[in-house]
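The values are calculated or read from the model by the stated rules, or taken from the named source; none is laboratory data. A quick note: this is a predicted structure, and the numbers were derived from the prediction, not measured. Neighbour counts run over all protein chains shown; Cβ positions are idealised from the backbone, glycine included.
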Amino acid sequence: MSASVPARPPSGTGARVLVHLPFAAVLLLVALAGLRIAMYHWREGAVLIGGALLVAAVFRAALTTAQAGMLVIRGRVVDIASYAGLGLVILFLALTITGGPLR
């Protein structure tokens, strides 16, 4: 009887860097959001954060566990539901809050 071998990330320096590209893309979006928030455009920053979470959900759904790198936290379904759910909630709040001192 042969035991199944768990999927390992590809070896080599180039392959190790490629594994982190999805996480780096999400982090770049969050950094841009932080910049917009620091420039007093909190609504645009919040929309970017929500969008970054939706991008993370798409990456987690489209890539294998070995390819998703640091976007893997729990199981695939839990990760996708968490990223997408939180992203949609943040988008909803950012787009529906009106008035107040933070216009």
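Can you name the residue in region 8-25 that is surrounded by fewer than 10 Cβ atoms within 10 Å (Cβ to Cβ) and in a loop (DSSP other than H, G, I, E, B) and is also modelled with the lowest pLDDT among such residues?
Going residue by residue through region 8-25, those that are surrounded by fewer than 10 Cβ atoms within 10 Å (Cβ to Cβ) are 8, 11-14.
Then drop every residue that is not in a loop (DSSP other than H, G, I, E, B), which leaves 8, 11-12.
Working: ARG8: 59, SER11: 64, GLY12: 67.
Across region 8-25, the extreme among qualifying residues is ARG8.
Within region 26-66, work out how many residues are over 18 Å from LEU91 (Cα atoms), within 14 Å of the chain's Cα centre (by Cα), surrounded by 15 or more Cβ atoms within 10 Å (Cβ to Cβ) and not charged (D, E, K, R).
Number of matching residues: 2.
Suppose the filter is at pLDDT 95 or above and in a helix (DSSP H, G or I); does LEU28 pass it? Outline the logic, then answer.
Working: at pLDDT 95 or above: yes; in a helix (DSSP H, G or I): yes.
Here the answer is yes, as LEU28 does meet what is asked.
Would you mind stating whether VAL77 is in a helix (DSSP H, G or I), loosely packed, with under 13 Cβ neighbours inside 10 Å and either polar (S, T, N, Q) or modelled with pLDDT of 95 or more (or both)?
Details: in a helix (DSSP H, G or I): yes; loosely packed, with under 13 Cβ neighbours inside 10 Å: yes; either polar (S, T, N, Q) or modelled with pLDDT of 95 or more (or both): yes.
When the stated conditions are applied, VAL77 passes them.
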